[in-house]
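Notes follow once the structure below has been shown.
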Amino acid sequence: MPAPADLGIEVIRVPEGSEIDLRLLLESVVEGVLVSGNVDVVAVGECARCLDPLERELAVDVQELYAYPGHGDEDTRSVVDDGLIDLEPALRDAVVLALPLAPLCRPDCPGLCSVCGAHLAGDPDHRHDEVDPRWAALAALRDDAGTTDSRTIDDRTGTAEDHRTADNEEN
């Protein structure tokens, strides 16, 4: 059976027209027809971390009761005209719910660098020597710690005062 359109989510889907392998058992029960079995599909998409293409084979179990007209409730699907059953909604529900929300090319995928977008799997030693701007003031204090002059601000007056260390007075 060819796959219908829009069988998937944004990052992974079953391509329209690709083959869906159905192994179904249709049983007549008092309320209607019980459909149960397996559906095998191949889904394609992108890794949620590194955006590399990926392909996944999925085996999905399906079980759905199709009620005869006048039987069943809002939780069952109705048998269509002339005893025909529309399997597409049940297959769509089963397959889409089985798709991963964030598919990965491999479980330990490192993804992309958040700064430059480099593919981290190809360069595990990738680094940037940038200082986070939120920490820049502390880095400046660290760099100034090597000097012997320092200035403080008087909390009462708001004025800066010079403080010299004993090392500086000796020179």
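So which of Glu161, Glu170, Glu130, Glu74 ends up being of a type in the set (Asp, Glu), more than 30 Å from Val35 (Cα to Cα), under 38 Å from the mean Cα position of the chain (by Cα) and at pLDDT below 75? Please lay out each step first, then the result.
Numbers: Glu161 fails: under 38 Å from the mean Cα position of the chain (by Cα); Glu170 fails: under 38 Å from the mean Cα position of the chain (by Cα); Glu74 fails: more than 30 Å from Val35 (Cα to Cα).
Exactly one residue qualifies, and that residue is Glu130.
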- Looking across region 77-119 at residues that are in contact with a strand residue (DSSP E or B) (Cβ under 6 Å, 6 or more places away or on another chain) and part of a loop (DSSP other than H, G, I, E, B), the single one that is nearest to Gly45 (Cα to Cα) is Pro103
- Which residues, counting only those in region 9-44, are crowded, with 17+ Cβ neighbours inside 10 Å and of a type in the set (Lys, Arg)? Arg13
- Message: For the list (1) in the same structural domain as Leu91 (by TED's automatic domain parsing); (2) closer than 14 Å to Leu91 by Cβ, I need the number of the one condition that Met1 fails.
- Response: (1)
- Note on the structure: Restricting attention to region 13-36, the residues that are in a loop (DSSP other than H, G, I, E, B), touching a residue at least 40 places away in the same chain (Cβ under 8 Å) and within 14 Å of Arg92 (Cα to Cα) number exactly 1
- Residues of region 23-58 satisfying the condition of being more than 30 Å from the chain's Cα centre (by Cα) and acidic (Asp, Glu): Glu27, Glu31
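If I filter region 2-12 down to residues being over 10 Å from Val41 (Cβ atoms) and touching a residue at least 24 places away in the same chain (Cβ under 8 Å), which single residue comes out as nearest to the chain's Cα centre (by Cα)? Spell out how you get there, then give the answer.
Going through region 2-12, the residues over 10 Å from Val41 (Cβ atoms) turn out to be 2, 4-6, 9-12.
Within this subset, residues satisfying the condition of being touching a residue at least 24 places away in the same chain (Cβ under 8 Å) are 4, 9, 11-12.
Numbers: Pro4: 24, Ile9: 11, Val11: 8, Ile12: 10 Å.
That would be Val11.
The values are calculated or read from the model by the stated rules, or taken from the named source; none is laboratory data. Since we're looking at a predicted model, the values are computed, not measured. So basically every Cβ, Gly included, is an ideal-geometry build from the backbone, and we count neighbours across all protein chains shown.
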